[in-house]
Amino acid sequence: MKDSEICRPVAPEVCDLIDFLGKSPVNFHAVDTVCRRLEERGFKRLDPAESWGTLVPRQGYYVEKNGSAVFAFIPGDGPSDAGYKIISAHSDSPGFRIKPNPEMKGDGGVVRLNTEVYGGPILYTWFDRPLSIAGRVALRGKDVLNPEIRLVRFDRPLLTIPHLAIHFNRGVNEGNPLSKQKDMLPVIGCIDSELNATGLLTRLVADELGVRPEDILDCDLSLYDVTPACTVGLHGEFVTGGRLDDLSMVHAAMTALLSTCAGDNGMTRVMAIFDNEETGSGTKQGAHSPVLGNILRRINIGLGGNEEDFYRAVARSFMVSADNAHGVHPNYVEKQDPTNHPVLGGGPVIKINANCKYMTDADSSAVFAGVCEKAGVKFQYFVNHSDVAGGSTLGNIFTSQLDIRGVDMGAAMWAMHSVRETSSSADHVAIIKAFTTFYGL
């Protein structure tokens with residue numbers, strides 16, 4: 001077999017996903033990247049504190065919330081009660097947040113950073129990797145109520161979380177309980193004995209931003225793995241990288257929305273990228289808040305509608321809640337439901353739960369199945385093994401705010417919540433096709 005037959009070219013959508021992941025080490029950078037893409041395509045930024053006035057059909061708009069959530073929409077050219085076609089995803093991923101006053105000096109001048117676990121990461125996958133820091137910084141400004149916000153990202157490897165040698169823990173491969181406070185602290189370096197470790201991170205951030213340390217009021221900083229995402233497999237059939245859950249769905253939704261900008265549509269197309277799904281969505285920028293409902297109401301007003309029009313619009317709307325699914329693991333087939341075990345490369349996964357952890361029902365499942373058929377892509381189903389408890393996601397949480405029809409779906413993947421996850425290249429292309437078809441209906 002020739003090399004050209006083995007190394008097939010990767011789809012441009014997958015190359016763009018890898019580029020998107022590289023620019024999005026944490027939630028703030030992911031939203032910033034989305035906003036930049038939207039503005040490049042002519043979307044206008046709306047200020048929640050200002051009047052939106054009359055909205056123009058087919059003109060793209062977007063609203064940012066907390067710098068970590070973004071809601072983009074294209075008003076339809078139908079009546080204000082025509083309804084909304086929504087695709088939702090989330091910008092956050094499990095990992096480690098850096099605590100205030102984080103420096104911890106030890107023997108030999110070694111400095112560790114005090115961290116707190118965010119969400120539910122697979123802890124041991126973070127050991128012995130080149131890590132760095134990214135997030136947002138609040139600077140002293142003229143208005144006390146509105147500090148200046150800057151993003152910061154260290155592109156070079158700064159830290160590692162060293163594992164204890166097997167010689168000190170001979171039973172490590174038979175099970176290794178980990179303390180989040182003791183075992184998972186990253187080392188940032190060694191300092192001279194005369195140098196005080198206190199304030200080391202603040203000085204590092206200030207130097208990176210070109211500001212004075214005393215002007216830094218606070219930070220939201222996280223660790224990230226600097227190893228780039230890539231494709232693996234004989235034919236590049238898999239994508240492996242950090243934060244595929246759920247940035248791959250963010251990318252798919254954004255790509256689909258941008259590809260349908262110029263299309264005629266009576267309904268308003270909406271992309272809702274929430275934050276804090278991994279911790280329950282209970283924040284002002286999360287799916288459990290009124291943020292999206294408020295935006296939909298303001299869209300209705302901007303299109304000349306009233307309260308009654310809004311309720312009719314909601315009744316005619318449909319949401320695709322896009323959050324990734326568990327693909328059958330080749331080494332652990334028994335963990336999956338006996339008759340519903342989605343495979344990587346098998347197409348979008350419709351997620352079903354009898355206890356309503358997902359918003360999917362027969363009606364909404366049929367809608368999304370029809371979308372996939374119209375798009376020419378195959379689809380599959382995920383149901384939990386009855387002895388394994390499952391988690392919830394955006395769809396059923398958002399329905400506590402609005403009684404909207406919708407389906408939970410995602411891409412099948414391995415190692416969900418690992419520092420590096422794996423999904424299918426073909427599935428990503430298929431999901432973009434399905435999302436584009438949905439927006440175009």
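Here are a few things to note about the model shown:
- At 1.567 mPa s and 4 °C, Stokes D of segment 125-280 from Kirkwood alpha-carbon radius, µm² per second: 65 µm²/s
- Descending Cα extents along the principal axes, segment 208-286, whole Å: 52, 43, 30
- The alpha carbons of the chain occupy a box of 70, 62, 47 Å along the principal axes, longest dimension given first.
- For segment 100-164, the calculated P(r) over all alpha carbon pairs, in 5 Å bins from 0 to the bin holding the longest distance, is 4, 12, 15, 24, 19, 11, 9, 5, 2, 0 percent.
- In segment 279-331, Rg over Rh equals 1.19, where Rg is the alpha-carbon radius of gyration and Rh the Kirkwood radius from pairwise Cα distances.
- Shape parameters for segment 294-441, alpha-carbon atoms, Rg then Dmax in Å: 16.7, 56
- Listed pairs K180/K433; K335/K378; K284/K374; K85/K378; K180/K335 exceeding 32 Å between Cα atoms: K180/K433; K284/K374
- Each principal axis of the Cα atoms in segment 360-441 has its own extent, and those three values, largest first, are 35, 34, 22 angstrom.
- Taking the DSSP bridge list for the chain and keeping only pairs wholly inside it, about 65 percent are antiparallel.
- Residue of G266, G109, G395 that the Gaussian network model of the chain assigns the largest fluctuation, springs spanning Cα pairs under 10 Å: G109
- Reported value for segment 262-305: 86 Å³ per residue, from the convex hull of its C-alpha atoms.
- Stokes-Einstein translational diffusion, segment 1-157 - Kirkwood Rh over all Cα pairs, 1.306 mPa s, 10 °C, in µm²/s: 80 µm²/s
- Using θ = phi - 60° in the Karplus curve 6.51 cos²θ - 1.76 cosθ + 1.60, the 3J(HN,Hα) couplings for segment 11-25 round to 4, x, 5, 6, 4, 5, 4, 4, 5, 4, 4, x, 8, 10, x Hz; x is entered for Gly and Pro.
- Carbon plus sulfur fraction of accessible area for segment 9-82, probe 1.4 Å, in percent: 48 percent
- Under 19 Å from K182, Cα to Cα: aspartates and glutamates that are on another chain or at least 8 residues apart: E103, D107, E116, D128
- The angle separating the long axis of helix 27-40 from the principal Cα axis of greatest extent in the chain is about 50 degrees.
- In this calculation the C-beta distance from D19 to D128 is compared with R0 = 25 Å, giving a FRET efficiency of 0.40.
The values are calculated or read from the model by the stated rules, or taken from the named source; none is laboratory data. Computed from a predicted structure; not experimentally measured. We place every Cβ from the backbone using ideal geometry, glycine too, and count neighbours over all the protein chains shown. Accessible surface is based on the protein model in full, side chains and every heavy atom, while ligands, DNA and RNA are left aside. Shrake-Rupley method; radii C 1.70, N 1.55, O 1.52, S 1.80 Å.
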